[in-house]
Amino acid sequence: MQLHELYPFAEERKARKRVGRGQGSGLGSTSGKGLKGQNQRSGGGTRPGFEGGQMPLQRRLPKRGFHNIFKTTYSVCSLTRLQNAFPDKTDISLEDIYQRGLARFGAPVKILGEGEVSAALRVEAHKFSASAREKLEKAGGAAAALEG
């Protein structure tokens, strides 16, 4: 198989719109842009949200509430998900959690205590809920909290 034998064939592909190539093309003269005005000019048009000089909607509406830009948002993972993802592993590191896709890479991870722990697990994460820490230690494992 050659590159030119792949579908769709050249004659089946839609041709690009060639504007300003004579009256017979249907897109000659004004190139389908109409007569005069801002949108007919080269580089013309307005930015999104522009309302012709009227105060735009996003500026007319009042701003409410408070948004804390310094808040730390944790990717949460339950003990059940950990055990399902690593059935035969006893030492689960933060890198393992990222690689298995249980948390977004680079995001701080918090382990929640949903589910029961059947084996002695040593789990490494940024934070643990009180119930998760208790269940891990009760099963003979450990909860290693990281800095940051």
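Each reported figure results from applying straightforward, stated rules to the coordinates on display, with no laboratory input. Quick caveat, the model's predicted, so the values are computed rather than measured. Note that each Cβ is placed from the backbone with ideal geometry, even for glycine, and that neighbours are counted across all protein chains shown.
Here are some residues: 73, 80, 30. Which one is surrounded by 11 or more Cβ atoms within 10 Å (Cβ to Cβ) and in contact (Cβ under 8 Å) with a residue 24 or more places away in the chain?
Just a single option satisfies the conditions, and that option is 80.
Quick check on residue 67: is it surrounded by fewer than 14 Cβ atoms within 10 Å (Cβ to Cβ), free of Cβ contacts under 8 Å to residues at least 40 places away in the same chain and either of a type in the set (A, V, I, L, M) or in a loop (DSSP other than H, G, I, E, B) (or both)?
Yes; evaluated as a whole, the condition is true for this residue.
What number of residues in region 41-61 are in contact with a Pro (Cβ under 8 Å, 6 or more places away or on another chain) and under 28 Å from residue 29 (Cβ atoms)?
1
Are any of the residues in region 103-123 assigned to a strand (DSSP E or B) and in contact (Cβ under 8 Å) with a residue 40 or more places away in the chain?
yes
Does residue 128 satisfy the condition of being free of Cβ contacts under 8 Å to residues at least 40 places away in the same chain and in contact with a helix residue (DSSP H, G or I) (Cβ under 7 Å, 6 or more places away or on another chain)?
Judged against the criteria, residue 128 is not a match.
Can you tell me which residue is nearest to the chain's Cα centre (by Cα) among those in region 73-88 that are within 21 Å of residue 134 (Cβ to Cβ) and assigned to a loop (DSSP other than H, G, I, E, B)?
74
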